[in-house]
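Let me begin by presenting the structure, written as structure tokens, before commenting on it.
The values are calculated or read from the model by the stated rules, or taken from the named source; none is laboratory data. For clarity, every value in this text was computed on a predicted model and none was experimentally measured. Positions of Cβ are backbone-derived with ideal geometry, glycine not excepted, and every protein chain shown enters the neighbour counts.
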Amino acid sequence: MSAQTKHEEDKLVALASIAAELYSVMSIAWGVSLAAKNAKVISAQAGENGLGFQPITVFIDEISQLAMQGVNDINNEALRLTKIAVSQQRSVDAYLRFNSVRTHHTDKRYIKSMTPAMERVEENMKHMTKEFKKSLNNLTMYLEIMDEHMLSARAVASVSRIVTSNAKEYKDKLKVVADSLEEATVLIKEKISDSYIHLNSVKAQSDF
Amino acid sequence: MKATILYEQGHQWIMYGRDVEKPEKIIDTNQYMMVSGNRALLMDPGGIEVFAPMLGAILHHAKVDQITDLFASHQDPDIISSLGLWDQALPHATLHAPWLWEGFLRHFGMENIQYDAIPDEGSSISIGSVDIQFIPAHYLHASGNYHVYDPKAKILMSGDVGAALEPIDAPLFVDSFDEHIPKMKMFHQRWMPSNRAKNDWIKRVRQLDIEYMAPQHGRIFKGDDVKRFLDWFEGLEVGVAIK
């Protein structure tokens with residue numbers, strides 16, 4: 001029983017870690033959004049020289065908004081998964097204790113009256129496993145979406161560098177925005193990569 | 001888990017405890033069950049660690065679906081931390097417990113069992129053919145606290161009042177009151193916080209006809225030892241941690 005219980009604890013820790021990894025993304029994405037708004041102002045000041053950069057600032061802002069939305073989705077799903085995992089743990093604990101009664105008290109007059117309770121807990125465990133898999137798939141999907149957003153963000157960062165070269169005296173200011181987008185993308189990708197490690201750990205334990 | 005029938009005349013009272021297989025550092029507890037007809041009331045069913053031996057012992061006297069009612073005198077883990085497990089075993093049961101502790105007790109996990117919040121003045125219920133009274137025992141030791149009185153069997157399940165800290169092989173009944181005093185003195189002086197609450201409870205309990213006073217730890221008081229306990233408790237200064 002203790003190995004199984006420990007196992008469930010690890011799953012809970014891994015799920016909490018995903019939420020924690022992604023939480024920091026929120027502030028990074030918020031920073032990028034502010035930089036994009038700032039870039040809008042700079043490109044407006046740059047007049048014709050900043051024309052090429054203006055639509056890019058819209059993309060950057062959109063990507064940062066999508067990243068923040070993605071973090072919310074991932075956090076909500078991780079929380080749902082944690083709740084399911086706790087219910088699963090409770091059901092497993094109850095099942096093991098019920099089973100211990102069934103195994104060690106075979107001589108008791110009313111031992112058979114345990115059967116409906118055991119069947120109910122077994123049914124609940126099956127239901128929870130199904131819900132857990134469903135939620136785990138959702139979480140995987142949200143991480144993949146976030147990953148795709150970051151690919152787009154990298155592409156936008158590369159285009160930004162080319163466009164800023166035409167922005168003359170505003171070149172340096174706009175380059176800072178492109179750099180901050182690039183840095184944010186790298187950081188967020190790292191967080192997503194770490195989240196995948198936690199997620200794989202949860203998946204491996206769920207196959208236990 | 002040892003089971004002892006305390007009363008058997010139309011309905012039954014059974015005491016469960018003295019579990020030699022319990023983990024060493026866990027305090028030993030007495031659990032009680034009253035069975036009347038096709039219903040049973042399980043009182044202070046115990047902590048998570050005693051759930052399996054407790055359920056195993058119960059199945060000698062009642063079917064699982066016969067346990068329709070649970071009672072928790074207060075919120076302590078040794079009283080009711082097994083609630084989350086009973087919740088899965090007895091989804092249609094009702095838990096009778098202090099109104100004050102509902103939000104706290106639900107932390108043990110209660111998704112199915114119904115909560116019957118006992119009001120401050122106490123209440124009564126019928127289990128089969130037996131009328132059971134929930135007697136207020138506030139601040140003895142919890143701020144919302146009740147005992148169970150069965151006027152037919154003349155049994156008072158007295159929670160932590162009358163409790164003693166003893167080895168696992170201690171006898172079930174007090175055999176010499178004077179020798180028993182040292183085993184319960186510190187417990188009452190330290191765990192019971194209020195002399196006023198104590199005296200209020202004694203006044204109320206003196207009006208009851210009691211043959212057995214059955215605490216949640218230690219030995220059961222029988223016959224004249226019940227009165228001896230009340231007299232001794234009345235003279236005892238409690239709440240001694242405040243110098």
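Data for the structure
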read-out: Meets criteria (without any contact (Cβ under 8 Å) to a residue 60 or more places away in the chain and in contact with a strand residue (DSSP E or B) (Cβ under 9 Å, 6 or more places away or on another chain)) for B:THR94; value: yes
read-out: Residues (surrounded by fewer than 22 Cβ atoms within 10 Å (Cβ to Cβ) and among the small types (Gly, Ala, Ser)) located in the range B:1-35; value: B:ALA3, B:GLY10
read-out: Helices (runs of 4 or more DSSP H) wholly inside the range B:41-119 containing at least 3 residues that are among the hydroxyl-bearing types (Ser, Thr, Tyr), more than 10 Å from chain A (Cβ to nearest Cβ) and surrounded by 23 or more Cβ atoms within 10 Å (Cβ to Cβ); value: none
read-out: Single condition B:GLY223 does not satisfy, out of (1) touching a residue at least 12 places away in the same chain (Cβ under 8 Å); (2) surrounded by fewer than 23 Cβ atoms within 10 Å (Cβ to Cβ); (3) within 27 Å of B:VAL20 (Cα to Cα); (4) small (Gly, Ala, Ser); value: (3)
read-out: Filtered residue count, the range B:182-222, keeping only those that are over 18 Å from B:ASN30 (Cα atoms) and not in a loop (DSSP other than H, G, I, E, B); value: 17
read-out: Identity of the residue in the range A:81-100, more than 12 Å from chain B (Cβ to nearest Cβ) and of a type in the set (Val, Ile, Thr), that ends up surrounded by the most Cβ atoms within 10 Å (Cβ to Cβ); value: A:ILE84
read-out: Test set (1) closer than 30 Å to A:SER193 by Cβ; (2) surrounded by fewer than 18 Cβ atoms within 10 Å (Cβ to Cβ); (3) within 14 Å of chain B (Cβ to nearest Cβ) - A:GLU148 fails condition number; value: (3)
read-out: A:ALA85 being within 26 Å of A:SER201 (Cα to Cα), modelled with pLDDT of 85 or more and more than 15 Å from the chain's Cα centre (by Cα); value: yes
read-out: Residues that are more than 11 Å from chain B (Cβ to nearest Cβ), surrounded by 15 or more Cβ atoms within 10 Å (Cβ to Cβ) and either in contact (Cβ under 8 Å) with a residue 60 or more places away in the chain or touching a Ser or Thr at 6+ places or on another chain (Cβ under 8 Å) (or both), drawn from the range A:122-141; value: A:MET128, A:PHE132, A:LEU136, A:ASN138, A:LEU139
read-out: Condition check for B:TRP201: more than 27 Å from B:GLU24 (Cα to Cα) and aromatic (Phe, Trp, Tyr); value: yes
read-out: Residues of the range A:101-121 classified as facing another protein chain (nearest Cβ under 7 Å) and farther than 15 Å from B:ASP87 by Cα, total; value: 8
read-out: Members of the range B:187-205 found to be out of contact with any strand residue (DSSP E or B) (no Cβ under 8 Å at 6 or more places or on another chain) and within 19 Å of B:ASP225 (Cα to Cα), listed by number; value: B:PHE187, B:HIS188, B:LYS198, B:ASN199, B:ILE202, B:LYS203
read-out: Candidates A:SER113, A:SER17, filtered to the one that is free of Cβ contacts under 8 Å to residues at least 60 places away in the same chain and in a helix (DSSP H, G or I); value: A:SER113
read-out: Hits in the range B:2-40 - residues which are outside any strand (DSSP E or B), charged (D, E, K, R) and touching a residue at least 40 places away in the same chain (Cβ under 8 Å); value: B:ARG18, B:ASP19, B:LYS22, B:ASP28
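This table checks each residue for (1) assigned to a helix (DSSP H, G or I); (2) exposed (fewer than 15 other Cβ atoms within 10 Å of the Cβ); (3) among the aromatic types (Phe, Trp, Tyr).
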{"residue": "A:ASN166", "(1), (2), (3)": "no, no, no"}
{"residue": "A:ASP172", "(1), (2), (3)": "yes, yes, no"}
{"residue": "A:LYS175", "(1), (2), (3)": "yes, no, no"}
{"residue": "A:ALA178", "(1), (2), (3)": "yes, no, no"}
{"residue": "A:LEU181", "(1), (2), (3)": "yes, no, no"}
{"residue": "A:GLU190", "(1), (2), (3)": "yes, yes, no"}
{"residue": "A:SER193", "(1), (2), (3)": "yes, yes, no"}
{"residue": "A:TYR196", "(1), (2), (3)": "yes, no, yes"}
{"residue": "A:LEU199", "(1), (2), (3)": "yes, no, no"}
